[in-house]
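Below: one structure, written as structure tokens.
The values are calculated or read from the model by the stated rules, or taken from the named source; none is laboratory data. Model, not experiment: these values are computed from the prediction. With ideal geometry, Cβ positions are generated from the backbone for all residues, glycine too; neighbour counts draw on all protein chains shown.
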Amino acid sequence: MPLTIEQFGRALVTAGILTPAEIKEWWTAQGAEGRPRDGDHFAELLRKQGKLSDYQCKVLLQGKPNALLFDQYVFVDQLGKGGMGAVFKARHKTTGRLAAIKVLNAEGNKDEKSVKRFQREVEAAGKLEHPNIVHAIDSGEHNGQHYLVMDFVEGADLASIVRDKGALPVKRAVNCALQAAKGLQFAHEQGVIHRDIKPANLLLDKQGVVRLLDMGLVRFEGVNDGLTGTQQVMGTVDYMAPEQVTNTKLADARCDIYSLGVTLWILLTGKKLYETKNMVDRVMMHREAPIPTLAEHCPDAPAELDEVLHKMLAKKAEDRYQTMAEVAEALQAVLDATPSSPAGTAAASAGAKTRPRPTPSSAGKPASAPAEPSEATATAVIDTGEDRGVAAADIPQLEANVKPAASIGDVAIAVKGGKGAVRSGVSKSQRKKERMLLMIYIGVGLFVVAVFGGLMYVFMG
């Protein structure tokens with residue numbers, strides 16, 4: 001049943017959005033002709049006047065004003081949502097300051113590993129105060145829910161910018177990567193490895209400053225907290241270094257360097273580094289396929305930038321830059337030597353003009369695509385807000401066991417849909433052998449599950 005005007009007014013007061021005096025003043029200012037007819041009309045008028053967000057209207061009209069209250073904050077909007085929690089834009093009740101609050105949901109708060117991962121994220125955020133990293137303000141527990149309060153930054157993530165407007169001008173793309181490298185250099189110096197660098201986790205504000213987001217998959221160097229098992233893959237497949245797939249626990253600074261290289265490629269070209277529908281094939285291409293050259297996909301890029309990018313994307317970790325400081329130095333040299341393009345400057349804000357997205361290339365080459373149209377994210381942890389514009393339900397998930405091994409044939413992966421394209425440098429017989437190994441591992445896994453289930457049935461009666 002729709003809310004009456006009186007019921008909606010009480011909901012506004014309960015949620016701390018307006019006081020009774022403010023409602024009375026607003027009501028008088030509307031005049032007899034402009035006053036609302038019912039609760040729905042009341043909400044619509046306030047929304048049009050900028051006093052309520054769409055999210056607040058929805059929650060209040062459901063008769064749940066208390067759902068907008070969280071400790072000392074009032075939720076303004078929901079920025080992202082994942083399996084274990086959500087991120088909200090919120091306003092402090094007293095100061096009026098806007099913040100972004102990451103909150104574990106009921107399911108996440110009941111899962112011991114999810115809580116420990118969240119606490120690790122909070123710990124990492126507390127260590128990382130840098131201009132190129134989103135600043136953590138506070139953390140704690142409210143009504144049994146763990147939360148992290150961060151600065152709210154007006155802007156857009158780089159994935160959204162490339163998806164909506166195409167590739168960035170060369171100098172602007174290099175500047176974004178340089179800022180990210182500086183933030184990551186600081187994180188690495190504090191012993192924090194991000195493990196999930198990608199355009200969606202880099203926020204560009206209206207002043208042209210890039211800030212690193214989402215510490216949900218961080219790893220502390222030299223610390224084994226038991227949260228990442230040997231058979232788990234943590235990260236986003238399209239950005240993961242080859243060695244990160246085979247043993248995520250050993251991911252170090254050089255994995256972040258590889259992921260930043262993939263990110264820079266996308267900023268420059270508007271394309272994925274390797275494009276096939278089959279996720280296993282994409283993993284293999286990151287391990288074995290030749291690194292594409294910028295000369296074909298970004299003609300404006302200088303040869304020096306192509307050299308830097310190739311070193312960031314080297315298949316073997318020892319062939320890459322060994323520290324983010326080296327990456328930052330190399331990118332700075334390229335930036336200093338690159339003239340500004342008419343399309344925009346390096347410090348351009350999130351709304352600046354970008355180059356049109358390239359047209360699809362021929363078969364066997366990286367296809368033209370939005371920055372992140374179909375990322376495969378291999379993680380069971382909270383995933384909120386980092387893939388804005390991508391429906392989580394449409395993302396194929398890695399569901400299986402990854403062992404540290406020399407061959408990707410030791411990876412058992414369940415993939416939804418799509419036949420794999422021919423992989424560069426891999427013979428037909430080798431591909432067939434890998435498929436057979438995958439099926440064997442899947443079969444063995446199902447057998448073990450069945451046996452274990454039978455034993456549990458016997459012993460549990």
In region 185-208, is there at least one residue being part of a helix (DSSP H, G or I), in contact (Cβ under 8 Å) with a residue 40 or more places away in the chain, among the small types (Gly, Ala, Ser) and crowded, with 19+ Cβ neighbours inside 10 Å? yes
Qualifying positions in region 276-295 - out of contact with any Ser or Thr (no Cβ under 8 Å at 6 or more places or on another chain) and of a type outside the set (S, T, N, Q): 277, 279, 280, 281, 283, 284, 286, 287, 291, 292, 295
Test: residue 114 is hydroxyl-bearing (Ser, Thr, Tyr), outside any loop (DSSP other than H, G, I, E, B) and in contact (Cβ under 8 Å) with a residue 24 or more places away in the chain: yes
Given (1) surrounded by fewer than 17 Cβ atoms within 10 Å (Cβ to Cβ); (2) in a loop (DSSP other than H, G, I, E, B), residue 274 misses just (1)
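Conditions tested, residue by residue: (1) touching a Ser or Thr at 6+ places or on another chain (Cβ under 6 Å); (2) assigned to a helix (DSSP H, G or I); (3) touching a residue at least 40 places away in the same chain (Cβ under 8 Å).
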{"residue": "11", "(1), (2), (3)": "no, yes, yes"}
{"residue": "21", "(1), (2), (3)": "no, yes, no"}
{"residue": "24", "(1), (2), (3)": "no, yes, no"}
{"residue": "37", "(1), (2), (3)": "no, no, no"}
{"residue": "43", "(1), (2), (3)": "no, yes, no"}
{"residue": "50", "(1), (2), (3)": "no, no, no"}
{"residue": "55", "(1), (2), (3)": "no, yes, no"}
I'd like the full set of residues that are at pLDDT 65 or above and under 16 Å from the mean Cα position of the chain (by Cα), limited to region 216-254. 236, 237, 238, 239, 240
Which condition number in (1) within 19 Å of residue 191 (Cβ to Cβ); (2) among the small types (Gly, Ala, Ser); (3) surrounded by fewer than 20 Cβ atoms within 10 Å (Cβ to Cβ) is the one that residue 251 fails? (3)
Can you find a residue that is surrounded by 20 or more Cβ atoms within 10 Å (Cβ to Cβ), more than 25 Å from residue 252 (Cα to Cα) and either of a type outside the set (S, T, N, Q) or assigned by TED's automatic domain parsing to the domain that holds residue 256 (or both) anywhere in region 310-319? no
